[in-house]
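The values are calculated or read from the model by the stated rules, or taken from the named source; none is laboratory data. Since we're looking at a predicted model, the values are computed, not measured. Don't worry about glycine lacking a Cβ; one is built from the backbone with ideal geometry, like all the others, and counts go over all protein chains shown. Each accessible area value is taken on the protein alone, full model and side chains, heavy atoms only, with ligands, DNA and RNA left out. Shrake-Rupley method; radii C 1.70, N 1.55, O 1.52, S 1.80 Å.
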Amino acid sequence: MAYEYAIETKMLKKIYGEQVAVNNVSLHIPKGHIYGLLGRNGAGKTSIMKLLLRLISATSGEVYIFGQPVINRERRLFKRIGAIIETPGFYSNLTGTENLEIFAKLRGVTKPHAVEHALELVGLPYRDKKLFGEYSLGMKQRLGIANAIMHDPDLLILDEPINGLDPIGIAEVREFIRKLSVKEGKTILISSHILSEVSMIADDIGILDHGVLLEEETMEELKKKNQKCTLIEVSDVGKAAHILETIFSLSKSDYLIQGENQIKIFKTKMDNARIISELVHKEVGVSSFTEKDDTLEDYFKKITGG
Ligand SMILES: Nc1ncnc2c1ncn2[C@@H]1O[C@H](COP(=O)(O)OP(=O)(O)OP(=O)(O)O)[C@@H](O)[C@H]1O
Ligand SMILES: [Mg+2]
(Lines give C-alpha, C1' and ligand atoms only; values in the text may rest on other atoms or scores of the structure.)
(Ligands and ions follow the chains in the order given, each with its own letter.)
Protein backbone atom coordinates (compact mmCIF):
# COMPACT_ATOMS: atom_id res chain seq x y z
CA MET A 1 0.00 0.00 0.00
CA ALA A 2 1.30 3.41 -0.88
CA TYR A 3 1.38 5.95 1.87
CA GLU A 4 2.77 9.41 1.99
CA TYR A 5 3.26 9.98 5.68
CA ALA A 6 5.51 8.23 8.15
CA ILE A 7 3.21 9.50 10.88
CA GLU A 8 -0.33 10.67 10.58
CA THR A 9 -2.75 11.35 13.40
CA LYS A 10 -6.43 12.08 13.16
CA MET A 11 -8.12 14.16 15.83
CA LEU A 12 -5.83 12.82 18.51
CA LYS A 13 -6.91 13.74 22.00
CA LYS A 14 -5.55 13.13 25.49
CA ILE A 15 -7.28 14.27 28.62
CA TYR A 16 -5.64 13.82 32.02
CA GLY A 17 -8.35 14.27 34.62
CA GLU A 18 -9.68 17.65 33.63
CA GLN A 19 -6.59 18.74 31.75
CA VAL A 20 -6.86 18.56 27.96
CA ALA A 21 -3.19 17.98 27.12
CA VAL A 22 -3.67 17.14 23.42
CA ASN A 23 -6.68 18.58 21.68
CA ASN A 24 -7.79 17.05 18.35
CA VAL A 25 -4.35 17.07 16.80
CA SER A 26 -4.03 15.94 13.18
CA LEU A 27 -0.36 15.63 12.30
CA HIS A 28 1.06 14.90 8.87
CA ILE A 29 4.71 13.93 8.91
CA PRO A 30 6.03 13.11 5.44
CA LYS A 31 8.35 10.17 4.98
CA GLY A 32 12.01 11.08 5.00
CA HIS A 33 11.45 14.53 6.45
CA ILE A 34 12.62 16.18 9.64
CA TYR A 35 9.55 17.48 11.40
CA GLY A 36 9.84 19.95 14.25
CA LEU A 37 7.09 19.98 16.83
CA LEU A 38 7.31 23.38 18.42
CA GLY A 39 5.58 24.53 21.56
CA ARG A 40 6.13 26.16 24.91
CA ASN A 41 6.42 24.27 28.17
CA GLY A 42 3.25 22.31 28.75
CA ALA A 43 2.03 22.67 25.16
CA GLY A 44 1.64 18.89 24.84
CA LYS A 45 4.75 17.85 22.89
CA THR A 46 5.78 14.98 25.14
CA SER A 47 2.19 13.79 25.45
CA ILE A 48 1.87 13.59 21.65
CA MET A 49 5.09 11.59 21.40
CA LYS A 50 3.94 9.22 24.10
CA LEU A 51 0.65 8.76 22.27
CA LEU A 52 2.50 7.98 19.02
CA LEU A 53 4.56 5.37 20.80
CA ARG A 54 1.57 4.03 22.68
CA LEU A 55 3.27 4.67 26.00
CA ILE A 56 -0.05 6.20 27.02
CA SER A 57 -3.42 5.55 25.46
CA ALA A 58 -5.44 8.22 23.69
CA THR A 59 -8.75 9.52 24.97
CA SER A 60 -9.85 9.55 21.33
CA GLY A 61 -8.45 9.82 17.82
CA GLU A 62 -6.21 7.68 15.65
CA VAL A 63 -2.50 7.21 14.98
CA TYR A 64 -1.05 5.80 11.76
CA ILE A 65 2.60 4.94 11.43
CA PHE A 66 3.90 3.99 7.99
CA GLY A 67 0.29 3.78 6.91
CA GLN A 68 -0.71 1.27 9.59
CA PRO A 69 -3.11 2.05 12.40
CA VAL A 70 -1.35 1.85 15.76
CA ILE A 71 -3.50 -0.08 18.16
CA ASN A 72 -1.03 -1.99 20.29
CA ARG A 73 2.71 -1.87 20.45
CA GLU A 74 3.04 -4.30 17.55
CA ARG A 75 6.60 -5.51 17.38
CA ARG A 76 6.76 -5.47 13.60
CA LEU A 77 6.00 -1.79 13.56
CA PHE A 78 7.79 -0.71 16.69
CA LYS A 79 11.12 -2.18 15.75
CA ARG A 80 11.16 0.36 12.93
CA ILE A 81 11.01 3.17 15.49
CA GLY A 82 13.69 4.61 17.73
CA ALA A 83 12.78 7.09 20.44
CA ILE A 84 13.91 9.04 23.41
CA ILE A 85 11.13 10.49 25.46
CA GLU A 86 12.58 10.39 28.91
CA THR A 87 16.27 9.75 29.54
CA PRO A 88 16.66 5.99 29.49
CA GLY A 89 17.79 4.44 32.74
CA PHE A 90 21.47 4.03 32.04
CA TYR A 91 23.72 2.54 34.71
CA SER A 92 26.02 5.17 36.18
CA ASN A 93 28.69 2.68 37.21
CA LEU A 94 29.16 1.40 33.64
CA THR A 95 30.70 3.05 30.59
CA GLY A 96 28.65 4.32 27.66
CA THR A 97 29.68 1.35 25.54
CA GLU A 98 28.79 -1.13 28.27
CA ASN A 99 25.41 0.51 28.73
CA LEU A 100 24.61 0.30 25.03
CA GLU A 101 25.76 -3.30 24.88
CA ILE A 102 23.29 -4.19 27.61
CA PHE A 103 20.46 -2.35 25.87
CA ALA A 104 21.41 -3.94 22.55
CA LYS A 105 21.15 -7.39 24.10
CA LEU A 106 17.85 -6.57 25.81
CA ARG A 107 16.35 -5.29 22.59
CA GLY A 108 17.71 -8.11 20.45
CA VAL A 109 19.96 -5.91 18.31
CA THR A 110 22.12 -8.46 16.55
CA LYS A 111 23.77 -6.47 13.78
CA PRO A 112 27.55 -6.54 14.27
CA HIS A 113 29.15 -3.21 15.20
CA ALA A 114 25.71 -1.71 15.95
CA VAL A 115 26.95 -0.16 19.20
CA GLU A 116 30.16 1.12 17.65
CA HIS A 117 28.31 2.68 14.71
CA ALA A 118 25.72 4.34 16.90
CA LEU A 119 28.41 5.84 19.14
CA GLU A 120 30.37 7.02 16.16
CA LEU A 121 27.32 8.70 14.70
CA VAL A 122 26.67 10.77 17.81
CA GLY A 123 30.37 11.50 18.32
CA LEU A 124 31.03 9.46 21.46
CA PRO A 125 34.11 7.27 21.81
CA TYR A 126 33.76 3.50 21.59
CA ARG A 127 35.25 1.41 24.42
CA ASP A 128 36.12 4.53 26.39
CA LYS A 129 36.76 4.17 30.13
CA LYS A 130 34.55 7.02 31.30
CA LEU A 131 31.57 5.90 33.35
CA PHE A 132 28.07 7.11 32.53
CA GLY A 133 27.94 8.73 35.98
CA GLU A 134 30.86 10.93 34.95
CA TYR A 135 29.23 12.05 31.69
CA SER A 136 28.31 15.68 31.08
CA LEU A 137 24.69 16.46 30.20
CA GLY A 138 25.59 16.72 26.52
CA MET A 139 27.26 13.31 26.55
CA LYS A 140 24.23 11.81 28.30
CA GLN A 141 21.96 13.25 25.61
CA ARG A 142 24.16 11.79 22.91
CA LEU A 143 24.20 8.36 24.52
CA GLY A 144 20.41 8.50 24.65
CA ILE A 145 20.28 9.20 20.93
CA ALA A 146 22.84 6.48 20.20
CA ASN A 147 20.63 4.08 22.12
CA ALA A 148 17.62 5.13 20.05
CA ILE A 149 19.35 4.59 16.69
CA MET A 150 21.27 1.43 17.49
CA HIS A 151 18.77 -0.88 15.77
CA ASP A 152 18.77 1.29 12.63
CA PRO A 153 15.14 2.44 12.80
CA ASP A 154 13.33 4.14 9.89
CA LEU A 155 11.63 6.58 12.20
CA LEU A 156 13.15 8.50 15.09
CA ILE A 157 11.13 10.29 17.72
CA LEU A 158 13.30 12.58 19.83
CA ASP A 159 11.84 14.67 22.61
CA GLU A 160 13.89 17.87 22.98
CA PRO A 161 17.16 16.35 21.77
CA ILE A 162 18.99 19.66 22.03
CA ASN A 163 17.78 20.62 25.46
CA GLY A 164 20.69 21.51 27.72
CA LEU A 165 23.34 21.37 25.02
CA ASP A 166 25.83 24.16 24.44
CA PRO A 167 25.95 25.86 21.01
CA ILE A 168 28.62 23.50 19.69
CA GLY A 169 26.68 20.49 20.96
CA ILE A 170 23.54 21.83 19.29
CA ALA A 171 25.37 22.28 16.00
CA GLU A 172 26.72 18.72 16.19
CA VAL A 173 23.36 17.16 16.99
CA ARG A 174 21.82 19.18 14.18
CA GLU A 175 24.45 17.88 11.82
CA PHE A 176 23.98 14.21 12.59
CA ILE A 177 20.20 14.48 12.56
CA ARG A 178 20.50 16.03 9.07
CA LYS A 179 22.84 13.23 8.05
CA LEU A 180 20.37 10.58 9.21
CA SER A 181 17.66 12.26 7.18
CA VAL A 182 19.55 13.12 4.01
CA LYS A 183 21.93 10.16 3.72
CA GLU A 184 19.79 7.42 5.21
CA GLY A 185 16.31 8.66 4.37
CA LYS A 186 15.06 8.38 7.92
CA THR A 187 12.04 10.27 9.16
CA ILE A 188 12.77 12.28 12.28
CA LEU A 189 10.33 13.92 14.63
CA ILE A 190 11.89 16.30 17.12
CA SER A 191 10.31 18.58 19.64
CA SER A 192 11.60 21.88 20.93
CA HIS A 193 10.43 25.09 22.51
CA ILE A 194 12.99 27.19 20.65
CA LEU A 195 11.92 28.24 17.18
CA SER A 196 15.34 29.34 15.99
CA GLU A 197 16.73 25.88 16.71
CA VAL A 198 13.92 24.04 14.98
CA SER A 199 13.98 26.39 12.02
CA MET A 200 17.61 25.52 11.34
CA ILE A 201 16.96 21.83 10.99
CA ALA A 202 13.33 21.00 10.24
CA ASP A 203 11.77 20.58 6.81
CA ASP A 204 8.31 20.91 8.30
CA ILE A 205 7.00 22.46 11.42
CA GLY A 206 3.96 21.99 13.61
CA ILE A 207 3.18 24.72 16.13
CA LEU A 208 1.46 23.49 19.24
CA ASP A 209 -0.14 25.63 21.90
CA HIS A 210 -2.26 24.44 24.82
CA GLY A 211 -2.65 21.06 23.14
CA VAL A 212 -3.88 22.53 19.85
CA LEU A 213 -1.92 22.28 16.60
CA LEU A 214 -2.16 25.88 15.44
CA GLU A 215 -0.20 25.55 12.24
CA GLU A 216 1.45 22.88 10.19
CA GLU A 217 3.52 23.83 7.20
CA THR A 218 6.84 23.53 5.47
CA MET A 219 9.72 25.55 6.88
CA GLU A 220 10.01 27.20 3.50
CA GLU A 221 6.41 28.42 3.63
CA LEU A 222 6.86 29.58 7.18
CA LYS A 223 10.03 31.50 6.37
CA LYS A 224 8.41 33.04 3.33
CA LYS A 225 5.45 34.13 5.41
CA ASN A 226 7.79 35.91 7.75
CA GLN A 227 10.42 37.40 5.60
CA LYS A 228 10.51 41.16 5.14
CA CYS A 229 7.70 42.11 2.86
CA THR A 230 5.28 44.75 1.73
CA LEU A 231 1.66 43.87 2.25
CA ILE A 232 -0.87 45.53 -0.03
CA GLU A 233 -4.63 45.21 0.18
CA VAL A 234 -6.24 45.66 -3.18
CA SER A 235 -9.64 45.39 -4.78
CA ASP A 236 -8.49 43.03 -7.54
CA VAL A 237 -5.51 40.72 -6.81
CA GLY A 238 -5.37 39.29 -10.32
CA LYS A 239 -5.09 42.68 -11.93
CA ALA A 240 -2.62 43.89 -9.30
CA ALA A 241 -0.41 40.82 -9.86
CA HIS A 242 -0.45 41.45 -13.58
CA ILE A 243 0.66 45.05 -13.04
CA LEU A 244 3.45 43.96 -10.70
CA GLU A 245 4.73 41.47 -13.27
CA THR A 246 4.47 43.64 -16.34
CA ILE A 247 5.33 47.10 -15.08
CA PHE A 248 7.57 46.27 -12.14
CA SER A 249 9.10 43.09 -13.61
CA LEU A 250 8.35 40.95 -10.56
CA SER A 251 8.59 37.20 -11.04
CA LYS A 252 6.10 34.76 -9.54
CA SER A 253 8.42 34.07 -6.62
CA ASP A 254 8.70 37.76 -5.76
CA TYR A 255 5.14 37.95 -4.54
CA LEU A 256 2.40 35.87 -2.99
CA ILE A 257 -1.34 36.26 -3.28
CA GLN A 258 -3.08 35.75 0.03
CA GLY A 259 -6.81 35.31 0.18
CA GLU A 260 -9.04 37.47 -1.98
CA ASN A 261 -7.39 40.82 -1.65
CA GLN A 262 -3.91 40.68 -0.23
CA ILE A 263 -0.60 40.62 -2.04
CA LYS A 264 2.74 40.23 -0.34
CA ILE A 265 5.78 41.50 -2.17
CA PHE A 266 9.05 40.00 -1.02
CA LYS A 267 11.29 42.08 -3.19
CA THR A 268 12.66 44.95 -1.17
CA LYS A 269 13.75 48.41 -2.31
CA MET A 270 10.72 48.88 -4.51
CA ASP A 271 9.39 52.31 -5.35
CA ASN A 272 6.30 52.10 -3.17
CA ALA A 273 4.83 55.43 -4.23
CA ARG A 274 5.03 54.36 -7.86
CA ILE A 275 3.38 51.00 -7.14
CA ILE A 276 0.44 52.73 -5.50
CA SER A 277 0.09 55.27 -8.26
CA GLU A 278 0.25 52.63 -11.01
CA LEU A 279 -2.33 50.46 -9.27
CA VAL A 280 -4.70 53.36 -8.73
CA HIS A 281 -4.11 54.61 -12.25
CA LYS A 282 -5.12 51.17 -13.60
CA GLU A 283 -8.23 51.28 -11.43
CA VAL A 284 -7.14 48.85 -8.75
CA GLY A 285 -8.38 50.09 -5.37
CA VAL A 286 -5.64 50.12 -2.70
CA SER A 287 -7.03 50.01 0.83
CA SER A 288 -3.79 49.52 2.72
CA PHE A 289 -0.06 49.39 2.19
CA THR A 290 2.27 48.22 4.96
CA GLU A 291 5.89 47.25 5.31
CA LYS A 292 6.41 44.21 7.50
CA ASP A 293 9.60 42.96 9.03
CA ASP A 294 8.44 40.44 11.60
CA THR A 295 10.91 37.78 12.52
CA LEU A 296 9.93 34.13 12.88
CA GLU A 297 10.35 34.53 16.61
CA ASP A 298 7.80 37.38 16.65
CA TYR A 299 5.47 35.19 14.65
CA PHE A 300 5.80 32.27 17.04
CA LYS A 301 5.14 34.57 19.99
CA LYS A 302 2.19 36.07 18.23
CA ILE A 303 0.47 32.84 17.35
CA THR A 304 1.11 31.24 20.72
CA GLY A 305 -0.28 34.38 22.31
CA GLY A 306 2.96 35.47 23.99
N1 LIG B 1 0.60 12.22 33.70
C2 LIG B 1 0.01 13.40 33.68
N3 LIG B 1 -1.04 13.68 34.50
C4 LIG B 1 -1.66 14.87 34.47
N5 LIG B 1 -1.33 15.88 33.63
C6 LIG B 1 -0.30 15.68 32.80
C7 LIG B 1 0.42 14.44 32.77
N8 LIG B 1 1.39 14.53 31.82
C9 LIG B 1 1.29 15.77 31.30
N10 LIG B 1 0.27 16.45 31.87
C11 LIG B 1 -0.17 17.82 31.51
O12 LIG B 1 -0.42 17.88 30.15
C13 LIG B 1 0.04 19.11 29.59
C14 LIG B 1 1.03 18.84 28.47
O15 LIG B 1 2.21 18.30 29.03
P16 LIG B 1 3.43 17.80 28.13
O17 LIG B 1 4.42 17.20 29.04
O18 LIG B 1 2.92 16.98 27.03
O19 LIG B 1 3.95 19.20 27.54
P20 LIG B 1 5.32 19.54 26.82
O21 LIG B 1 4.97 20.36 25.63
O22 LIG B 1 6.11 18.32 26.60
O23 LIG B 1 6.04 20.49 27.88
P24 LIG B 1 7.62 20.69 28.20
O25 LIG B 1 8.15 21.64 27.17
O26 LIG B 1 7.60 21.31 29.56
O27 LIG B 1 8.28 19.35 28.17
C28 LIG B 1 0.63 19.89 30.75
O29 LIG B 1 -0.34 20.78 31.21
C30 LIG B 1 0.93 18.83 31.79
O31 LIG B 1 0.81 19.35 33.09
MG1 LIG C 1 8.00 17.73 27.20
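Couple of notes before you dig in:
- Less than 5 angstrom separates the built amide H of Thr95 from those of Phe132, all sequence-distant by 5 or more or on a different chain.
- Computed over the range 1-159, the ratio Rg/Rh where both radii use C-alpha atoms and Rh is Kirkwood: 1.00
- Once the Cα-Cα distance is subtracted from the 0.36 nm per residue extended length, the Asn272 to Asp166 segment shows a gain of 33.8 nm.
- Part-to-part distance (alpha-carbon centres) for the range 197-250 and the range 30-103, which is given in Å: 32 Å
- With the gyration tensor restricted to C-alpha atoms of the range 227-303, the semi-axes of the equivalent ellipsoid amount to 22, 13, 11 Å, longest first.
- Only beta bridges with both residues in the chain are counted; by DSSP, about 65 percent of them are antiparallel.
- Full-extension gain in nm, Ser57 to Ile15, via 0.36 nm per residue minus C-alpha separation: 14.1 nm
- Orientation-averaged projected area, Cα convex hull of the chain (nm²): 19.4 nm²
- Only helical runs count toward this figure. For the chain, summing -39,500 (n - 2.57) over DSSP H runs of n ≥ 4 and dividing by all residues gives -9500 deg cm²/dmol at 222 nm.
- Placing a label point 7 Å from the Cα of His242 along the Cα-to-Cβ direction, no residue of the range 278-306 has a backbone N closer than 11 Å.
- Anchor Lys228: aspartates and glutamates whose Cα lies under 18 Å away (excluding residues fewer than 8 positions away in-chain): Glu220, Asp254, Asp271, Glu291, Asp293, Asp294, Glu297, Asp298
- Euclidean distance of C-alpha centroids, the range 162-187 and the range 289-305, integer Å: 27 Å
- FRET efficiency estimate (nearest 0.05) - Cβ-Cβ, Met200 to Leu106, R0 41 angstrom: 0.75
- For Asp293, solvent-accessible area (1.4 Å; no DNA, RNA or ligand), Å²: 100 Å²
- Pairs of Cα atoms nearer than 8 Å and 6+ residues apart set the relative contact order; for the chain it is 20 percent.
- Candidate cross-link partners of Lys301 among the aspartates and glutamates, defined by an alpha-carbon separation under 14 Å and a same-chain spacing of 8 or more, comprise Asp209, Glu215.
- Here's the picture: charge each Lys and Arg Cβ at +1 and each Asp and Glu Cβ at -1 in the range 219-306, and of His281, Leu256, Leu296 the one pushed furthest to the positive end of that dipole is Leu296.
- Folded to 0 to 90 degrees: helix 237-246 orientation relative to the chain principal axis, Cα: 80 degrees
- Among the listed pairs Lys14/Lys79; Lys223/Lys267; Lys14/Lys45, those beyond 19 Å (Cα-Cα): Lys14/Lys79
- With 0.36 nm allotted per residue and the present C-alpha distance subtracted, the Lys129-Asn93 stretch has 11.9 nm of extension available.
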